[in-house]
Every structure is written in structure tokens, then in C-alpha cells.
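I have placed the structure first, in the form of C-alpha cells, so that the comments after it can refer back to it.
The values are calculated or read from the model by the stated rules, or taken from the named source; none is laboratory data. A quick note: this is a predicted structure, and the numbers were derived from the prediction, not measured. With ideal geometry, Cβ positions are generated from the backbone for all residues, glycine too; neighbour counts draw on all protein chains shown. Ligands, DNA and RNA are stripped out before the accessible areas are found, and what is left, the full protein with its side chains, is counted by its heavy atoms. Shrake-Rupley method; radii C 1.70, N 1.55, O 1.52, S 1.80 Å.
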Amino acid sequence: MKRDLRALAAVGTLLLAFSTGAASAQKSGGILRVPWFDSPASMSMLEESTVATNRPMMGVFNNLVLFDQHVAQNSPKSIVPDLATRWLWNEEGTELTLPLRQGVKWHDGKPFTAKDVKCTWELLQGKASEKLRINPRKPWYANLDELTTNGDDEVTFHLKRPQPSFLTLLASGWSAVYPCHVSPREMRTHPIGTGPFKFVEFKPNEVIRVARNPDYWKKGLPYLDGIEWTIIKDLSTRTLAFIAGNGDLLFGVTTPQLPDIKTQVPHAICEVVIGNVSRNLLVNRDRPPFDDPDLRRAMSLSLDRQAFIDILYHGSGAVGGAMLPLPEGVWGMPPDMLKALPGYDPDVQTTGPKPAGSWRSSVTARVSGCRSRYRHAMSRITAIQQSS
């Protein structure tokens, strides 16, 4: 049932306080309002490179496979079928076959088939007659030789050589499947997908709106009637909008802002989570004197990373490297291997995994977000399908 959830703010705390399980309080309906940080260039998932497009539009589409959205940490083990029902590798590891779901329809009512998958990856490879205006993920598929179809309900990716990571690329939040019958030009302004939400409108520098897809192939989803992303580029202004009750979910809150938000919005739920981005010092290694590796190493070792963490994040960060450090990261170097690296300093302590060495070159920030407590009580948002 559609309802204005803003009117329920006063009772939301009681619902949580007197309910041991969220399921008993969850009800379908309502518009999730999100103060948003940027106005993207377009709505085309395949052509854009920031979450400004990815988060609002990901719920419009489906992947072939996807990281399980109920598992906090993405890993190869958390990949689950989406538009595909399963996947199979050949013995050589060069052919990946995915049977597809039947009965899925695009938002304009046309049936989804294997032809759409083939068109999508030929578009990404630059083999299609129509071209993407920009194609940031074309390098992902340099090892893809071709994609073949077996009728309407099965596709096979043929690789030039084995690539175990290929399935992980398909599970990325950027690997949306596009319809064959809609041009890339149209997808920039009015995307058509198979996902839980239908695109409604995009007013640059104002708002992005999506609405519930009543014919979504995952029965019972989504729970929300829609999502409204109000574009407010300044973080302080976005935060004030949230405090004033003009938003239900706020991303990117800085650690020093959290106490003030908790004071002014006591019913808000604020969470600090590890981000998969890092704060780095970037130099042009081709220009003197930065072409000297010893100088670059000296610069790296001279940085007091813990000071950045203590000042900017009030200690809630971790000294990291190119890979997200353990335990939040999957591929970060384990502590027992750190000791063998030059420049390792066991006396350098961080809030991340212990021990950590000063040789590492970046600081991984912990990012914060807040949401209204009544929203958590009244709606489940799992169908948005956002991926890290």
C-alpha cells in the first residue's frame, strides 16, 4: 500500500524498540528519498564510471550473475545467478556457458532473450554497428573472443585463454544487460531494463526518479514504490537536508559530522563501514624527479598515515595498499607476509589488521552513512541491488 512514510517518523523508534525482529515491522510501499551527491552525465550504465549513475540506475537493470546482496563482503564465493540460472565452465576454462531465465520481460514489455546478452557484449567490445559514446569497460573484455547463443535461452562466452576472474567481472555492478531493440542514444536519457525499478525521469542537477516495476520477475519485489534521488552537490547542504527530514538515507558523512547528526537526529541509525576506495598521493612517475624510484619510496615512507587516520577519521581507518587490507578485504596481504617486506615497521599501529607496516602507501577510509530509523523499520531495501 502506498503511503507517505514521513508521517511515520515519530513512531519509528517505537517500532524498533518494541520489535525483536525487523520482519514483523516491514511493510511494502513508500518512496525512499536519498539526497544525492552529483548530477551524472547520463543514465547509461555502460558508459558512465561513477556511482552517481551506478546506484540510481542499478535497480533498473539485472546482471547475468551478481554478488549476493545479503552478503556484506563481495567475493567469488558470494556470486549468485541473476538473469542466468547457473553457469558451467568447460574443462579448459575457456568457455563459460550460462542458461538464461525464461519469461523475463523488458520494461517496455518485449521478451528478454539470449540475443540481448550477445548485443550487450558486442557493444562493449566495439563490434556492434552502433557504438557507445564512451566505453570505460571495454578493456575488461580484451580476453573475450566471442559470445554465441544456443536458441533464446543460453549463451556461451568464448575466451582466448583461461580467466578465472571473468565471472567476477560479470558479477560487477557495472555489468548490466542492455536490450537489443533500444539504441545506446536512447539508453542515455531513458534506459529500459529488466530490473525491479523502472526509470521515470532525470532532471540534471535536480532529481533522478525510479518507480516500482509491477511485473518484476522476482515475485514480491521490490518492496518500495519508488526511489527519489535529489541532487545536492554540497555535502553540508545534503547533511542539513537529512537533519531537516528531507531525506531517508545519506551517504558520505564524514566522521567528524557523526556526533552532530546523532545529536540533532537521535532516531537516525548511523553506520561506519570500510570503503573500497583509498586516499592516495599521486605523482607523475615519468617526470623528473619523480622518475626516480628511490625518491618515490622516500616520499611514501615519509608520510605519517596514522596521523591522517587520527585527524580525518578519528581513528576509524586502516593503513592499506593497492588492495583493501584484511579483514575487510579479500585479497589484501596477510599479516604474516608483511614481516618479510622491506620497510616493515612493527611499531606502527593502526585500527586495521595488526601488525601493519609503514611501507604501505595509502590510507583506506571508513565511510559513514545514516538512515532514518523508521525507514529501517518500515521498508526493506534489498531489492535496490547496489554493488560495491
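Check THR148 against each of (1) of a type in the set (Val, Ile, Thr); (2) exposed (fewer than 15 other Cβ atoms within 10 Å of the Cβ); (3) assigned to a loop (DSSP other than H, G, I, E, B) and name the one condition it does not meet. For THR148, the exception is condition (3).
Restricting segment 12-40 to residues that are open to solvent by 20 Å² or more (accessible area, probe 1.4 Å), over 15 Å from TRP229 (Cβ atoms) and part of a loop (DSSP other than H, G, I, E, B) leaves a set whose member that is modelled with the lowest pLDDT is PHE18. Among the conditions (1) surrounded by fewer than 12 Cβ atoms within 10 Å (Cβ to Cβ); (2) at pLDDT 75 or above; (3) outside any helix (DSSP H, G or I); (4) more than 31 Å from the chain's Cα centre (by Cα), the only one that ALA340 does not satisfy is (2). May I ask you to verify whether VAL283 is over 21 Å from the mean Cα position of the chain (by Cα), more than 23 Å from ASP234 (Cβ to Cβ), β-branched (Val, Ile, Thr) and modelled with pLDDT of 85 or more? The answer is yes for VAL283.
Residue check: is PRO56 under 11 Å from the mean Cα position of the chain (by Cα), closer than 25 Å to SER183 by Cβ and either among the aromatic types (Phe, Trp, Tyr) or not in a strand (DSSP E or B) (or both)? Taking the combined requirement at face value, the residue satisfies it.
When segment 176-225 is filtered for residues that are open to solvent by less than 70 Å² (accessible area, probe 1.4 Å), of a type outside the set (A, V, I, L, M, F, W, C) and either free of Cβ contacts under 8 Å to residues at least 40 places away in the same chain or out of contact with any Phe, Trp or Tyr (no Cβ under 7 Å at 6 or more places or on another chain) (or both), the ones remaining, listed by number, are TYR178, SER183, PRO184, ARG188, LYS198, GLU201, TYR216, LYS218, GLY220, TYR223, ASP225. Taking the numbered list (1) open to solvent by less than 20 Å² (accessible area, probe 1.4 Å); (2) in contact (Cβ under 8 Å) with a residue 40 or more places away in the chain; (3) in contact with a Leu (Cβ under 6 Å, 6 or more places away or on another chain); (4) not small (Gly, Ala, Ser) in turn, TYR141 passes all entries but (2). The set of residues from segment 227-248 being of a type outside the set (Val, Ile, Thr), touching a Lys or Arg at 6+ places or on another chain (Cβ under 8 Å) and either under 20 Å from SER316 (Cβ atoms) or crowded, with 19+ Cβ neighbours inside 10 Å (or both) comprises GLU228, TRP229, GLY247, ASP248. Count of segment 151-173 residues, restricted to those that are touching a Pro at 6+ places or on another chain (Cβ under 9 Å) and either in a strand (DSSP E or B) or touching a residue at least 40 places away in the same chain (Cβ under 8 Å) (or both), is 8. The condition of being exposed (fewer than 15 other Cβ atoms within 10 Å of the Cβ) and in contact with an Asp or Glu (Cβ under 8 Å, 6 or more places away or on another chain) holds for only one of THR50, THR97, THR113, that being THR50.
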